[in-house]
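Novice: Provided herewith is a single structure, encoded as structure tokens, for subsequent inquiry.
The values are calculated or read from the model by the stated rules, or taken from the named source; none is laboratory data. All values reported here derive from a predicted model rather than from experimental measurement. In this analysis, Cβ positions are derived from the backbone assuming ideal geometry, glycine residues included, and neighbour counts consider all displayed protein chains. When the accessible area is computed, the model is the full protein with side chains, heavy atoms only, and any ligands, DNA or RNA have been set aside. Shrake-Rupley method; radii C 1.70, N 1.55, O 1.52, S 1.80 Å.
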Amino acid sequence: MSEITPPITPSVVAEHGLSTEEYAKILEILGRAPNRTELGVFSVMWSEHCSYKSSKKWLKTLPTSAPWVICGPGENAGVIDIGEGLACIFKMESHNHPSFIEPYQGAATGVGGILRDVFTMGARPIANMNALRFGSPDNAKTKHLVAGVVAGIGGYGNCVGVPTVGGECNFHASYDGNILVNAMTVGIAATDKIFYSAAAGIGNPVVYVGSKTGRDGIHGATMASAEFNADSEEKRPTVQVGDPFTEKLLIEACLELMATDCIVAIQDMGAAGLTSSSFEMASKGGMGVELDLDQVPARESGMTAYEFLLSESQERMLMVLKPGSEDVARAIFDKWELDFAVIGHLTDSGRMVIKMKGAVEADLPIDPLALASPEYDRPWEKTPTQGTIDPASVPHSGGILATLQTLLATPDLASKRWIWEQYDHLVMGDTVIRPGGDAALVRVRDTKRALAMTTDCTPRYCLADPVMGGRQAVAETWRNICAVGARPLAITDNMNFGNPTNPRIMGQFVGAIEGIREACLALDYPVVSGNVSLYNETAGSAILPTPAIGGVGLMDDYTKAVGVAWRDGDSLVLLGATKGHLGQSIYLREIAGREDGAPPPVDLALERITGELVRELVAGGHVSACHDISDGGLLVALAEMALAANIGADIMNKAGDVPLHAWAFGEDQGRYIVAASRANTVLELAAKRGIPANLIGRTGGILLTLKGERVLLDDLRESHEGWLPDYMAVA
Amino acid sequence: MTAAIVTFPGSNRERDMVMALTRAFGKAPALVWHRDTELPKVDLIVIPGGFAYGDYLRAGAMAAQSPIMRAVADRAQQGVLVLGVCNGFQVLTEARLLPGALMRNAGLKFVCREVHLRVERADTPFTQGYRKGEIFKCPVAHHDGNYFADSETLARIEGEGQVAFRYCSPQGDLGAAFTPNGSINDIAGVYNDKGNVLGLMPHPEDATEKLLGGLGGAPLFAGLAEALAGAPA
């Protein structure tokens, strides 16, 4: 070895996040003690972030196939067939830990990483989304984190020229010490031009392209696999620094190279950088690999093998090329002024051999390391169920519309315009439905087709009942996609939880997976990609369980899509049953000051037929607008539609036996509001499918009115639009 | 009539511009790479939006020094029409083909939203598709769109009719509330002294389809097509 390294003591092992048992396994695999470089490789490859060691057992239970699925989980991203020879490639991924430590760069590099996962497979990214969770607005750090994360997402996405078309943002004190930044990218590729990561061809050159390697982000994956403590600020150097300009060049250069016939396999260098990418490629292809670190483009001098292998410098890719195609490839990367270096070749040894300055720095067997990584069946406890709250037991005082105005200015329901106006949501010229509605809709260039996309999760439901919460998260994406008129096709899941060694937390994870599984099966809506982020805890206090779901659907003809803005003189029909479920509702939390009760049940069979009805209504041109009913209930959804249209409505009280406030603000699932010039058609088609449908109002004017109460749209708008800018403006 | 779009590393709205020009001109524009030193013979040169060279140093500063910009300056001198949108506007001011400068938005944040623009004159090839005083809707998407010119320059461009568009209310009223970036005199776009070079921050190319943000920008391209209709193909 080229350097004298200190001996591997138990404390060195612990610093690398490896348990005593895991270290014993390393000794067994190698038949000797690892050197420090090798230990570093094991530590990142076996980190929770890279190995999914706590979650694997449960992720395997998720449905991942359907006739339209081209590639499910296991590759860089999921791939589905969208017709006309095209595929949609998408995935959502977390960048939680880095974003808390350094919000701008943490969020920016989260966007960069997920973009690479998608264009690695041959897709041009056409849209970004994000799901954000911040701590209580009263927490001193929250404002700084919101400002930094939003600027970071915008700074990266705007520069690479991919529109950021939607997302979600919640606030809750449980995220005070661990914010969540989940970024999703959707791309389009030709079905016969999809690129995978399995290396093949003994002797084929292994090529490094993109940015140079520096010392940033070393042990990022290990950091993302541990709880925070008081010293977490010191982990700032583990956060990577992004360069969206280089990413833009890398996208163009890779897509240009992919149009040729040079690439055997390609993989982005994400978490655990060169180590992870070369291991995964070799392992998937059953190959060995030999790398010469002297050939790796370096940003700084004097870097050690350990640093080269564990750096998480951004905007880098690893490829295996066909022999003799190096010159063609090099010319393309020269044109885009990016580094291009042959750094090694494939072998038949089944080992990864790392050389530097002529010496062997690491020599590891690939299969045992990559495939025999730990898998735990962690003990878990079922989350105790909570009783259903009788709506009549929740008192209400004051006017319903005054309460509506109050609710519209609460952090979770307030307009997020302040956020999405910092994102270029129009670049590329294909954004049909912009942020602020249900699903975003992005046209597939040169076709009539469009992709609907959304991210959803209601963490307070998941805390109260993880199974129901998991179901609801999937169902809500389904609903949002149906609401614009598109057919939901598949999801990506981003599982954000606390410390899995705590059986209570592990029980939340297991429950959420069960709920997601049930919903995917019932809705024919498989999981094609995903990401797990555990250890979102600080000083023993965990986040709300947050299985964020990104859904994608297909619209055959984008000209038929509808948004949430209704027209003047429309009739309003409420689809689905309203029982006034107040447990875990925003109303209960914000107005009654309680966070308890069972969350609203999700009836998946009813969900499915209601979604099908909505799609039939949109496709038939029977409705001018549609909105699903979610957080805040019926009146919040109506207000959002009225504000989008700038047209009021006269709402009829159809509460029946349900207390009026529970009818207005209950969060019963599986419901939509549609606006139609001919309500009878809607009512008839709903009756045919046995779906409850009620005429609940008529649009027009500048007021919302209900049972003699009235409120000006302008006043509602001021409340709804005012909260976030006002909050961010105060120094 | 023919058009060319000049692209730099980091340009990212050239696709939008290709669609808008193709729709109006009936054929696709040529794409010219920044390292080229010669431009094809065309009637219209467009510098699109994006982040040329990452906008490092200063938005548009490095692109203004690239080889192709000398060729663009020569053509502009000869009277060929040049249109710079967003980053293209920044490049043209940095290249001194247009007066003034674009500073960081007054709100210090990137802003992507729909704005209303007032057409200040309708007698140029760029605006002959509009009426003078017409108001149209079109998006902005930028971080550095705060137009500034010193008082002497400002007096000159105002006096010589070099202001192309101003931000305004839907009714055409001017005021800080309607200007997304703090631009002086609500200026959204300016001409050079000969009127053959136009730069503007908003994106008319992203407002040329009824179902995707409306048709507010379409008359700009239709007007150009009409103005250049007599030009040899």
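Novice: Looking at (1) of a type outside the set (D, E, K, R); (2) more than 19 Å from the chain's Cα centre (by Cα); (3) open to solvent by 10 Å² or more (accessible area, probe 1.4 Å), which one does A:G530 not meet, given that it meets all the others?
Specialist: (2)
Novice: Search the range B:33-50 for residues being within 14 Å of another protein chain (Cβ to nearest Cβ) and modelled with pLDDT under 95, and hand back the single one that is farthest from B:D144 (Cα to Cα).
Specialist: B:D36
Novice: May I pose another question? Identify the single condition in (1) within 14 Å of another protein chain (Cβ to nearest Cβ); (2) assigned to a strand (DSSP E or B); (3) open to solvent by less than 10 Å² (accessible area, probe 1.4 Å) that A:I89 does not satisfy, given that it satisfies every other one.
Specialist: Failed condition: (1).
Novice: Go through the range A:660-681 and give me each residue that's buried (at least 19 other Cβ atoms within 10 Å of the Cβ), touching a helix residue (DSSP H, G or I) at 6+ places or on another chain (Cβ under 9 Å) and over 27 Å from A:A473 (Cα atoms).
Specialist: A:A676
Novice: Name every residue in the range A:391-433 that is over 18 Å from A:L638 (Cα atoms) and more than 23 Å from the chain's Cα centre (by Cα), in order of residue number.
Specialist: A:P391, A:A392, A:S393, A:V394, A:P395, A:H396, A:S397, A:G398, A:G429 - these are the residues of the range A:391-433 that are over 18 Å from A:L638 (Cα atoms) and more than 23 Å from the chain's Cα centre (by Cα).
Novice: Return the total of residues in the range B:65-94 being open to solvent by 30 Å² or more (accessible area, probe 1.4 Å) and either in a helix (DSSP H, G or I) or touching a helix residue (DSSP H, G or I) at 6+ places or on another chain (Cβ under 8 Å) (or both).
Specialist: Residues in the range B:65-94 being open to solvent by 30 Å² or more (accessible area, probe 1.4 Å) and either in a helix (DSSP H, G or I) or touching a helix residue (DSSP H, G or I) at 6+ places or on another chain (Cβ under 8 Å) (or both): 9 in total.
Novice: Among the residues of the range A:130-149, are any within 18 Å of the chain's Cα centre (by Cα), within 14 Å of another protein chain (Cβ to nearest Cβ) and crowded, with 24+ Cβ neighbours inside 10 Å?
Specialist: yes
Novice: Restricting the range B:123-150 to residues that are outside any strand (DSSP E or B) and within 14 Å of chain A (Cβ to nearest Cβ), which is most open to solvent (accessible area, probe 1.4 Å)?
Specialist: The residue in question is B:H143.
Novice: Taking A:G288, is it surrounded by fewer than 18 Cβ atoms within 10 Å (Cβ to Cβ), small (G, A, S) and either without any contact (Cβ under 8 Å) to a residue 24 or more places away in the chain or in contact with a Lys or Arg (Cβ under 9 Å, 6 or more places away or on another chain) (or both)?
Specialist: Answer is no for this residue.
Novice: Scan the range A:334-353 and give yes if some residue there is among the β-branched types (V, I, T) and within 14 Å of chain B (Cβ to nearest Cβ), otherwise no.
Specialist: No.
Novice: On to the next question. For the structure I just gave you, tell me whether B:P29 is touching a helix residue (DSSP H, G or I) at 6+ places or on another chain (Cβ under 7 Å) and not aliphatic (A, V, I, L, M).
Specialist: yes
Novice: If you take just the helices (runs of 4 or more DSSP H) that sit entirely in the range A:632-699, which of them hold at least 1 residues that are within 20 Å of A:G611 (Cβ to Cβ)?
Specialist: Those helices (runs of 4 or more DSSP H) span A:633-645, A:679-688.
Novice: Look through the range A:640-659, keep the residues that are over 12 Å from A:R698 (Cα atoms) and under 36 Å from the mean Cα position of the chain (by Cα), and return whichever of them is most open to solvent (accessible area, probe 1.4 Å).
Specialist: Applying the filter and picking the extreme gives A:N646.
Novice: Here is a list: A:G550, A:G569, A:G620. Which entry is within 30 Å of A:I101 (Cα to Cα) and either of a type in the set (D, E, K, R) or modelled with pLDDT of 95 or more (or both)?
Specialist: Selected residue: A:G550, the only one of A:G550, A:G569, A:G620 that is within 30 Å of A:I101 (Cα to Cα) and either of a type in the set (D, E, K, R) or modelled with pLDDT of 95 or more (or both).
Novice: State all residues of the range A:172-226 that are assigned to a helix (DSSP H, G or I) and either among the aliphatic types (A, V, I, L, M) or modelled with pLDDT under 95 (or both); if no residue qualifies, say none.
Specialist: Hits for the range A:172-226 are A:A173, A:G220, A:A221, A:T222, A:M223.
Novice: Then there's this: When B:T208 is evaluated against the numbered criteria (1) modelled with pLDDT under 95; (2) closer than 21 Å to B:G50 by Cα, which criterion, by number, is the only one it fails?
Specialist: (1) is the only condition that B:T208 fails.
Novice: Is it true that B:R23 is open to solvent by 40 Å² or more (accessible area, probe 1.4 Å) and part of a helix (DSSP H, G or I)?
Specialist: So B:R23 passes the test.
Novice: Please determine whether any residue of the range B:70-84 is farther than 20 Å from B:T124 by Cβ and within 14 Å of another protein chain (Cβ to nearest Cβ).
Specialist: No, the range B:70-84 contains no residue that is farther than 20 Å from B:T124 by Cβ and within 14 Å of another protein chain (Cβ to nearest Cβ).
Novice: Something else about it: Within the range B:26-38, which residues are touching a Lys or Arg at 6+ places or on another chain (Cβ under 9 Å), in a loop (DSSP other than H, G, I, E, B) and not basic (K, R)?
Specialist: Result: B:T37, single match.
Novice: Moving to a separate point now. Restricting to the range A:332-359, count the residues that are open to solvent by 60 Å² or more (accessible area, probe 1.4 Å) and within 22 Å of A:R299 (Cα to Cα).
Specialist: So the count comes out to 6.
Novice: Let me ask you something else. Which ones in the range B:112-122 are open to solvent by 50 Å² or more (accessible area, probe 1.4 Å) and within 29 Å of A:G161 (Cα to Cα)?
Specialist: Correct list: B:R113, B:E114, B:R118.
Novice: Could you check, for the range B:151-162, whether at least one of its residues is within 14 Å of chain A (Cβ to nearest Cβ), assigned to a helix (DSSP H, G or I), in contact (Cβ under 8 Å) with a residue 40 or more places away in the chain and touching a Phe, Trp or Tyr at 6+ places or on another chain (Cβ under 9 Å)?
Specialist: Within the range B:151-162, none of the residues are within 14 Å of chain A (Cβ to nearest Cβ), assigned to a helix (DSSP H, G or I), in contact (Cβ under 8 Å) with a residue 40 or more places away in the chain and touching a Phe, Trp or Tyr at 6+ places or on another chain (Cβ under 9 Å).
Novice: Related question: Among the residues of the range A:59-78, is any at pLDDT 95 or above and crowded, with 24+ Cβ neighbours inside 10 Å?
Specialist: Scanning the range A:59-78, I find at least one residue that is at pLDDT 95 or above and crowded, with 24+ Cβ neighbours inside 10 Å, so the answer is yes.
Novice: For the range A:395-471, give me every one of the helices (runs of 4 or more DSSP H) that falls completely inside it and has 2 or more residues that are within 14 Å of another protein chain (Cβ to nearest Cβ), open to solvent by 10 Å² or more (accessible area, probe 1.4 Å) and on the phi < 0 side of the Ramachandran plot.
Specialist: Passing ranges, in order: A:417-420.
Novice: State which residue pairs qualify: first residue within 13 Å of chain A (Cβ to nearest Cβ) and in a strand (DSSP E or B) and inside the range B:198-220, second residue open to solvent by less than 20 Å² (accessible area, probe 1.4 Å) and among the small types (G, A, S) in any location, beta carbons under 9 Å apart, and separation of 6 or more residues or different chains.
Specialist: B:E209/A:G429; B:E209/B:A20; B:G214/B:A207
Novice: Take the conditions of a type in the set (A, V, I, L, M), in contact with a Gly (Cβ under 7 Å, 6 or more places away or on another chain) and modelled with pLDDT under 90 and apply them to A:L310. Does it pass?
Specialist: Taking the combined requirement at face value, the residue satisfies it.
For (1) among the small types (G, A, S); (2) within 14 Å of chain B (Cβ to nearest Cβ); (3) open to solvent by less than 10 Å² (accessible area, probe 1.4 Å); (4) out of contact with any His (no Cβ under 7 Å at 6 or more places or on another chain), each residue gets a yes or a no:
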site	(1), (2), (3), (4)
A:I251	no, yes, yes, yes
A:E256	no, yes, no, yes
A:A282	yes, no, yes, yes
A:L293	no, no, yes, yes
A:M317	no, no, yes, yes
A:V320	no, no, yes, yes
A:P323	no, no, no, yes
A:E326	no, no, no, yes
